[in-house]
Amino acid sequence: QVQLVESGGGLVQPGGSLRLSCAASGSIFSINTMGWYRQAPGKERELVATITRGGSTNYVDSVKGRFTIARVNAKNTVYLQMNSLKPEDTAVYYCNADLIRSYGLGPVDYWGQGTQVTVAS
């Protein structure tokens, strides 16, 4: 089995910072793209940022310049550093990994359980 476990969410004031972590564990051969998505109440889940195994990154426009995604391939871990947080960043943040469990198998999407981020004064 494969598990993605997120940590680092919480309550923060506007302008503050949080760092999310997500570690993938279990039967893993390799991980392609890893990313963070978020879902606010009453809204659809949206992509926040992704990072390829080689380090290429992609961000939704609303977080560019404020959020930074990074990963440590040897630890199967991805991070999201969130600075200058705004109330509109409030959402449940989900980790995603496009990974291969065994040689010869195709990639499959896995998701974490989600971690709540609340930005409020």
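The values are calculated or read from the model by the stated rules, or taken from the named source; none is laboratory data. As the structure is a prediction and not an experimental result, all values here were calculated from the model. Every residue, glycine among them, receives a Cβ derived from its backbone with ideal geometry; neighbour counts consider all protein chains shown. Each accessible area value is taken on the protein alone, full model and side chains, heavy atoms only, with ligands, DNA and RNA left out. Shrake-Rupley method; radii C 1.70, N 1.55, O 1.52, S 1.80 Å.
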Candidate set: the range 71-121, residues that are polar (S, T, N, Q) and not in a strand (DSSP E or B); chosen: the one nearest to ALA23 (Cα to Cα): ASN76
First in the range 104-121 and among the charged types (D, E, K, R), second anywhere and open to solvent by less than 90 Å² (accessible area, probe 1.4 Å), Cβ under 7 Å, 6 or more apart: ASP109/ASN96; ASP109/ASP98
ASN76 vs. criteria at positive phi and of a type outside the set (Gly, Ala, Ser): yes
Among the residues listed as TYR79, TYR110, the single one being within 13 Å of VAL2 (Cα to Cα), of a type in the set (Phe, Trp, Tyr) and open to solvent by less than 60 Å² (accessible area, probe 1.4 Å): TYR110
Filter result for GLY42 (farther than 23 Å from ALA120 by Cα, open to solvent by 60 Å² or more (accessible area, probe 1.4 Å) and not in a strand (DSSP E or B)): no
Condition met for GLU88 (under 13 Å from the mean Cα position of the chain (by Cα), acidic (Asp, Glu) and open to solvent by 50 Å² or more (accessible area, probe 1.4 Å)): no
In the range 58-76, the residues that are closer than 28 Å to ILE100 by Cα, among the hydrophobic types (A, V, I, L, M, F, W, C) and surrounded by 13 or more Cβ atoms within 10 Å (Cβ to Cβ): VAL60, PHE67, ILE69, ALA70
Residue count, the range 91-107 (criterion: within 19 Å of LYS43 (Cβ to Cβ) and open to solvent by less than 20 Å² (accessible area, probe 1.4 Å)): 4
Which listed residue, of LEU11, LEU47, LEU20, is in a strand (DSSP E or B), more than 23 Å from TYR110 (Cβ to Cβ) and either open to solvent by less than 60 Å² (accessible area, probe 1.4 Å) or in contact (Cβ under 8 Å) with a residue 24 or more places away in the chain (or both): LEU11
Condition broken by TYR94, with the remaining ones in (1) in contact (Cβ under 8 Å) with a residue 12 or more places away in the chain; (2) more than 10 Å from the chain's Cα centre (by Cα) satisfied: (2)
